[in-house]
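Here's the structure, in structure tokens; my notes come after.
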Amino acid sequence: MLTFPAQNDTTILRHKDAFHSNIIPKMSATGSGSGWDNESDSDKGVMNSIDACKIRCEGEMQCKKYSFDSEGRCKTREDPRLGKVAADVIRLAARPHGEI
């Protein structure tokens, strides 16, 4: 459900406002479990753990999220996307990095 400013508020509802109040919470909720592909597409190779993948993403200023699949592949993405259902992804995360 979209949240709109009060009627007496002259603030304009911006795309950014809708994104932050409605999409980001869904990204965090869907990105915390298995079976979800957050569409990270920049392959960083095989890593030892999800924590190593997270550290890799945190080390890249433009990285907004990462995924770690059942084969140990770490993938990152620079732009936020909600994603889709996928069986081979074991854990995903949307990385808070200031304003997206």
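Details
- Residue in region 58-71 that is modelled with the highest pLDDT, counting only those that are in contact with a helix residue (DSSP H, G or I) (Cβ under 9 Å, 6 or more places away or on another chain) and in a loop (DSSP other than H, G, I, E, B): Cys63
- Candidates Arg95, Arg81: the one that is at pLDDT below 85 and touching a helix residue (DSSP H, G or I) at 6+ places or on another chain (Cβ under 7 Å) is Arg95.
- Flag for Ala52 being surrounded by 12 or more Cβ atoms within 10 Å (Cβ to Cβ) and either more than 28 Å from Asp17 (Cβ to Cβ) or modelled with pLDDT of 65 or more (or both): yes
- Hey, Lys44 surrounded by 15 or more Cβ atoms within 10 Å (Cβ to Cβ) and either within 18 Å of Phe19 (Cβ to Cβ) or at pLDDT below 75 (or both) or not: no
The values are calculated or read from the model by the stated rules, or taken from the named source; none is laboratory data. The structure presented is a predicted model; accordingly, all values stated were derived computationally and were not measured. Cβ atoms come from the backbone with ideal geometry, glycine included; neighbour counts cover every protein chain shown.
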